[in-house]
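One structure is given below, encoded as structure tokens.
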Amino acid sequence: MTYSATLPDTLDLAAIRARHTLLLLARLWQGNRARVDLARELGLSRSAISSIVTELMDARLVQEVGQRGGGQVGRRATLLALNGRAVYLLAVDLGASHMRVDLLDLHCTTIASRTTPHDILCGPAITYARLTGLAQEVLAEAGVPREQVAGVGAGVPGPVDYATGLVVQPPNMPGWDGENVMAGLEAALGLPTRVDNDANLGALAEARFGAHRGVPDLIYVKAAHGIGAGVLLGGRLHRGVRGGAGEIGHISINESGPVGRSGNPGSLESYAAAQVLLDSAEARRAAGAPTRLPQPLTLADLIAAAGTDPLARTLWAEAGHHVGVAISTALNLFNPSAVIIGGRLSQAGEVFLQAIRDTALSRTMRINADRARIDLSTLGADASVLGAGAMLLDHLFTPAGLRHLYRVAASVRAPPPTPPAAGPSESAPHLPFSFGGMS
């Protein structure tokens, strides 16, 4: 086949326009700009930019927000902004012992939030019912109708088949194996839903909102009741063939060590997961180790005493060492520029972090260690909901997602705008809009 034979006969002008519209929205998501700025940055004519902007303003997705200040000579340019309140997102953070639902705008700013203790062992049915209640509460507080929500993003503390939403043999979620969380939440909430592992969402959040935002190669380690990692390579989340990449907690750091929840001997979770630390603290106290830790001991107690109690300090230093061993493997495999430690265990602070750094960097090849930063997350408990928002934006800022954004934004007024047409290679999905199977 000759090269010319592979070229289409005509240019798909509708698809090109949709791509330009998405590029423009992405620029406005980053910050306010004038039409002249957008024309220069995107390499388009002023008339092309004006046409796209008019369409987006008709759809309520873009609005004018005044004129640019400063020492501009002549007529000052009118600034444009993404209308973050045209469409909303629901972010779900499902943990081993809590659940949280946030209503976000298109900038991923929280408008309303609800968090409640929840045992994941209650199972899917009870979990969906409680999440539905929290979702109704945040929508009512914000005065936002469900029709103005573009979708739901959810993080779960276990392995998820990203394409289907199926949970696959989760070590810390008995009773959930084979559960289709994506379908379950869509049925419960009546909204298109996307589901991923919570550590993957943490990586997305760090890349877009964290102290290392914009870094194309980073690893986010969520250390809590379980330990997982989200791996960002070349600016894209590396999920693997099915979505199971990043299960750092099940790496064997001692092939002769104790058997962890996954059944593998000497896994990282066998040494450094939350319950292991609590059990170890009680065992060492019983053996006579000096400590002022209270009884009964909670994880919050252990975290609060990390820098003051001798037993707590020892336990956190040992846990950091074990995490550092696993991170050295990740550094040598992927050569990221940053490793960010998040999750509940990261609240132990400097004692935990310094042990991770010392061990990881001393065990890593110099070419992989020299430019690697290992830091605590600055996002705290917001990482999962911000990551859920980022995941939804990655789907909505696509040609199919753009059409969905137009429809949702139009739900609060009539008549609806005409969305950009799809090209032959990007045909519109059947309604309602579905995130299923998109990458």
Handout entry: Burial order of peptide ranges 195-202, 157-164 (average beta-carbon count within 10 Å, highest first)
Key = 195-202, 157-164
Completion exercise
Quick calc, A129 & R363: beta-carbon distance into FRET formula, R0 45 Å, rounding 0.05, result 0.45
Handout entry: For region 100-183, alpha-carbon Rg and Dmax in angstrom
Key = 13.9, 39
Exercise for the section: Using the 2.2 N^0.38 Å rule of thumb for compact globular proteins, work out how region 117-236 stacks up: its C-alpha Rg over that value, please. Expected result: 1.13
Completion exercise
If each K or R counts +1 and each D or E counts -1, the residues other than L103 whose Cβ falls under 15 Å of its Cβ total -3
Exercise for the section: Write down the radius of gyration of the chain and its Dmax, each obtained from C-alpha positions, in Å. Expected result: 24.1, 81
Problem - Relative contact order %, the chain, counting alpha carbon pairs below 8 Å whose residues are six or more apart - result: 17
Exercise for the section: With just the Cα atoms of region 179-328, tell me how far they stretch along each of the three principal axes, in Å, largest first. Expected result: 54, 36, 33
Completion exercise
For the chain, the longest principal axis of the Cα atoms and the Cα long axis of helix 383-396 enclose an angle in degrees, to the nearest 10, of 30
Problem - Note, ³J(HN,Hα) from phi for region 16-30, Karplus 6.51, -1.76, 1.60, rounded to Hz, x at Gly and Pro - result: 5, 4, 4, 5, 5, 4, 5, 4, 5, 4, 4, 5, 6, 5, 6
Completion exercise
Burial-style ranking of 57-67, 181-191, average other-beta-carbon count within 10 Å with highest first, yields 181-191, 57-67
Exercise for the section: Relative to the longest principal axis of the C-alpha atoms of the chain, give the angle of the C-alpha long axis of helix 399-410, reported between 0 and 90° and rounded to the nearest 10°. Expected result: 80
Exercise for the section: Please give the helix 46-58 orientation as an angle from the longest Cα principal axis of the chain, in degrees from 0 to 90, rounded to the nearest 10. Expected result: 70
Problem - Environment charge of P290, counting only residues whose C-beta is closer than 12 Å and scoring Lys/Arg +1, Asp/Glu -1 - result: +3
Problem - Relative contact order computed over region 263-387 (Cα-Cα under 8 Å; 6+ residues apart), in percent - result: 25
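Summing Lys, Arg as +1 and Asp, Glu as -1, what charge do residues with Cβ under 13 Å from the Cβ of E141 carry, E141 excluded?
-1
Bear in mind that the values in this text are calculations on the coordinates, not laboratory data. Everything numeric here is computed off the predicted structure, so don't read it as measured data. Counting neighbours? That spans all protein chains shown, and the Cβs are built from the backbone with ideal geometry, glycine included.
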